[in-house]
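The values are calculated or read from the model by the stated rules, or taken from the named source; none is laboratory data. Being a predicted model, the structure only gives us computed values, none of them experimental. For neighbour counting, all protein chains shown are included, and Cβ atoms are generated from backbone atoms with ideal geometry for every residue, glycine included. The area values use the complete protein model at the heavy-atom level, side chains included, leaving out ligands, DNA and RNA. Shrake-Rupley method; radii C 1.70, N 1.55, O 1.52, S 1.80 Å.
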Amino acid sequence: MSTFTGFIPELPGIAIDCFEDAQRSQSSIFFLSHCHADHMRGLDKNVPLPGSLHLSPISGVFIKHRFPQHADVVRSFHVGEQLALKVHPSTGEAPYELYVRSLSAEHCPGSVMFYFEGNGTRVLYTGDFRLSSQKNFTTQSSGIQPAIVYLDSTFLDKDYSYFPSREESTARVIHLCTEWLAADQRNVVSLWLPANYGSEDLFLRLFDRLKERIHISDRQRAPYKHFSSLNDILTCDSSTRIHACTGTMRSNRNLNCEKLCNENSTSFVRTIRPSALRWRALQPTEQFWKESNNLFYVCYSAHASCNELGAFLAHFQQHVCDIRLNVIADEDDRVRKEQLIESMLGNRINHATSNNGAERRDKAQDGLSLNLNKIEYRTKRRTNHRAGRTTESSESEDNDCDLSYCKLPKRSRVEKHCAS
């Protein structure tokens with residue numbers, strides 16, 4: 001869950017993925033990386049945004065239908081397209097030119113990263129992402145040289161060094177569905193989702209292979225209906241054989257779904273749980289699915305693994321001066337992630353001593369050093385997923401969890417001492 005507050009201090013007058021009163025009062029241009037709840041905070045307010053909202057075409061369709069009060073300010077632009085904008089900060093700074101380019105983030109349909117150039121800086125904001133091919137990303141990111149990276153640090157943790165690719169995970173889910181549905185005409189599959197949103201790509205791939213529509217509840221239908229690519233895939237007809245209508249709950253109680261609620265039919269239900277949090281310390285040589293009483297856990301992640309984050313940072317390492325983390329659970333989590341980035345960047349790290357703003361080293365000798373400043377994070381509700389046991393609550397990755405507005409001491413920052 002994102003804990004980013006929406007502001008980039010070096011780019012006053014814009015806000016990204018947060019649209020509360022503070023962001024509206026200080027910004028005239030807005031950006032949305034993708035349409036998941038933790039990145040749309042404040043869009044449900046009835047008052048339209050006080051400036052243009054820039055986003056992908058898929059996200060633009062969703063926002064116009066889900067939040068029609070903002071329809072007039074929606075400005076869609078395609079991956080690879082570059083915008084030239086004039087920013088007029090409300091905080092007294094001089095106006096400046098801002099150039100913006102979007103890159104595919106591959107987190108969900110319509111998800112993008114934003115690359116900003118202007119006001120004397122270069123910033124890459126990743127939003128949530130997981131790349132399917134580093135080679136393809138290298139091609140689309142040609143010419144991008146960020147000095148600052150705002151990173152999806154959801155799985156910036158050594159215990160999550162490896163995830164199978166989504167292609168591998170989806171292939172396993174498809175196999176589990178296919179063999180079960182073929183075994184008996186009465187058999188059905190229940191998908192126990194890790195979050196209210198975020199499984200769109202899995203739905204698309206399942207339908208493409210099995211040609212079986214997926215049953216969802218009326219409550220789920222409201223947001224999904226605005227994704228045109230899902231219109232022919234999701235259904236409120238409970239007679240279908242694949243169900244995602246339990247949402248993030250395993251229990252079938254209180255559902256208006258005859259196939260899942262009939263006590264006499266429970267032996268015909270195979271439950272599949274695609275998720276990532278429970279797969280701590282998974283190795284590439286290990287099996288990434290487990291079964292217990294016809295409940296199958298399958299490792300599936302739409303966020304980059306720790307090793308993938310390392311490869312991503314290495315791609316930009318020549319240019320990056322500052323790495324800022326978009327997902328911080330608490331102070332301990334911040335410290336762990338700072339230390340891990342140090343170890344990832346290896347011999348480029350150098351703890352330069354400071355004596356009241358003391359001397360910087362020669363550029364050829366400069367490395368990386370952790371520094372702290374006064375940018376604050378929101379914190380998310382902390383679950384004890386480091387305790388060595390897995391509980392249903394600790395496995396929740398629900399994007400709709402309420403944010404706690406506790407104050408964290410400071411923002412994580414990894415800064416390369418660049419020559420002035």
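Tallying residues that are assigned to a helix (DSSP H, G or I) and farther than 13 Å from Phe31 by Cβ within the range 50-69 yields 9. Give the residue, chosen from Glu200, Glu167, Glu212, that is acidic (Asp, Glu) and within 21 Å of Gly127 (Cβ to Cβ). Criteria check complete, one pass: Glu200. The set of residues in the range 87-97 being surrounded by fewer than 13 Cβ atoms within 10 Å (Cβ to Cβ) and at pLDDT 95 or above consists of Pro95, Glu97.
Answer yes or no as to whether Asp72 is outside any loop (DSSP other than H, G, I, E, B), in contact (Cβ under 8 Å) with a residue 12 or more places away in the chain, open to solvent by 10 Å² or more (accessible area, probe 1.4 Å) and not basic (Lys, Arg). Working first, answer last.
Numbers: outside any loop (DSSP other than H, G, I, E, B): yes; in contact (Cβ under 8 Å) with a residue 12 or more places away in the chain: yes; open to solvent by 10 Å² or more (accessible area, probe 1.4 Å): yes; not basic (Lys, Arg): yes.
Taking the combined requirement at face value, the residue satisfies it.
For the range 98-119, the candidate set comprises residues that are touching a Ser or Thr at 6+ places or on another chain (Cβ under 7 Å) and on the phi > 0 side of the Ramachandran plot; within that set, the residue that is least open to solvent (accessible area, probe 1.4 Å) is Gly110. Inspection of the range 283-301 identifies at least one residue that is within 20 Å of Cys177 (Cα to Cα) and of a type in the set (D, E, K, R).
With Ala311, Ala304, Ala281 as the choices, which residue is touching a helix residue (DSSP H, G or I) at 6+ places or on another chain (Cβ under 7 Å) and buried (at least 21 other Cβ atoms within 10 Å of the Cβ)? Please lay out each step first, then the result.
Working: Ala311 fails: buried (at least 21 other Cβ atoms within 10 Å of the Cβ); Ala281 fails: buried (at least 21 other Cβ atoms within 10 Å of the Cβ).
The unique qualifying residue is Ala304.
Listed by first and then second residue, the pairs linking a residue in the range 154-165 that is in contact (Cβ under 8 Å) with a residue 40 or more places away in the chain to a residue that is part of a loop (DSSP other than H, G, I, E, B) and polar (S, T, N, Q), with Cβ atoms under 6 Å apart and 6 or more places separating them unless they lie on different chains, are Phe155/Ser305; Tyr160/Ser305; Tyr162/Ser305; Phe163/Ser301; Phe163/Ser305.
Scanning the range 178-185 finds no residues that are open to solvent by less than 10 Å² (accessible area, probe 1.4 Å), assigned to a helix (DSSP H, G or I), under 23 Å from Cys299 (Cα atoms) and touching a residue at least 24 places away in the same chain (Cβ under 8 Å).
Hand me the list of strands (runs of 3 or more DSSP E) wholly inside the range 85-163 holding 2 or more residues that are farther than 20 Å from Phe312 by Cα. Working first, answer last.
On the way: elements: 96-104, 112-118, 121-125, 148-151.
Where strands (runs of 3 or more DSSP E) fall fully within the range 85-163 and carry at least 2 residues being farther than 20 Å from Phe312 by Cα, they are 96-104.
If you check Ala147, Ala84 for being open to solvent by 10 Å² or more (accessible area, probe 1.4 Å), small (Gly, Ala, Ser), within 25 Å of Thr3 (Cα to Cα) and more than 21 Å from the chain's Cα centre (by Cα), only one passes: Ala147.
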